[in-house]
Each structure stands twice: as structure tokens, then as C-alpha cells.
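Enquirer: I'd like to ask you about the structure that follows.
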Amino acid sequence: MGLINDRTAISTMFAVIVLSTACFGVVLLLLGVLKWGRYTQLIPYPVVGGFLAGVGMMMLSATIEFLSGVTLTVHSLSQFLSWEISLRWLPSLIAASLCIGR
């Protein structure tokens, strides 16, 4: 057993998510109240694109790990592509493909 049990880890993660969301909301509120929204135009598109790509990769990685139960690395690729694990994530991939194709 590690130093932190599961209950403490989940409580800590939840607190961090709530606090970061509240802080971000306050920042957006201040930008709106102070009429500083026009300064967001000064952020270069490659910065915004890189940020969104990073968030997308994190979401994809978390989704793959959630669906398959395997952390996807070069070494675990054979386990991820095994028939048992494929049956966990393949239906979601098919459903997502059908939704995108609409």
C-alpha cells in the first residue's frame, strides 16, 4: 500500500479540478468586466492551436486508458491490440466513427 490511499487521491484530484475551474472562471469574469476581451486577439494562432492539440492528446490518451485499462506506450502496444483488450475499445471506436460520419 502506498503513502496515499485511493480515497485521498480522488478527493485531492476533485479539489484541484474544482479550484482550477473556479480560478479560470474568475479570470474570465475579470476579462469581461474590465473589457479586456479584445486583447485575446493578440494571442498567436499557433499558440492556441498548440494548446488545443495538447488538450486533445490528453483527452485521447485518457479515453484510451479508460476504455482499455492499458496505458498506451510503445511497450504495451501488443497488449493494447490483443483480442481481449480490443473487444473493450473497438465498439466505442465504431460508434464514434458512425457519429462522425453523419
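The values are calculated or read from the model by the stated rules, or taken from the named source; none is laboratory data. For clarity, every value in this text was computed on a predicted model and none was experimentally measured. Note: ideal-geometry Cβ built from the backbone for every residue, glycine included; neighbour counts use all protein chains shown. Side chains are part of the model used for accessible areas, which takes the heavy atoms of the whole protein and leaves out ligands, DNA and RNA. Shrake-Rupley method; radii C 1.70, N 1.55, O 1.52, S 1.80 Å.
Enquirer: Loop-only check: which trypsin sites (Lys or Arg not before Pro) in region 1-49 are DSSP coil with at most 10 other Cβ within 10 angstrom?
Expert: Passing both the DSSP loop test and the Cβ count: LYS35.
Enquirer: With every protein chain kept in the model, how would you rank GLU84, GLU65 by accessible area, 1.4 Å probe, largest at the top?
Expert: Ranked list, largest accessible area first: GLU84, GLU65.
Enquirer: Would you mind listing how long the chain runs along its three principal axes, going by Cα atoms, in whole Å with the largest first?
Expert: Here the Cα extents, ordered largest to smallest, are 56, 45, 26 Å.
Enquirer: Can you report the principal axis dimensions of region 63-102 using only the alpha carbons, biggest first, rounded to whole angstrom?
Expert: Dimensions of region 63-102 along the principal axes of its Cα atoms: 35, 16, 14 Å.
Enquirer: GNM, the chain, Cα, under 10 Å: largest mean-square fluctuation among LEU81, LEU34, LEU60?
Expert: Ranking LEU81, LEU34, LEU60 by mean-square fluctuation puts LEU34 first.
Enquirer: Still on this structure, please answer the following. So how much accessible area does SER20 have, in Å² to the nearest 10, using a 1.4 Å probe?
Expert: Ignoring ligands and nucleic acids, SER20 comes out at about 70 Å².
Enquirer: Please give, to one decimal in nm, the separation of the simple spin-label points placed at ALA62 and ILE100, each 7 Å out from Cα toward the Cβ.
Expert: Taking the two extended label points, one gets 2.0 nm.
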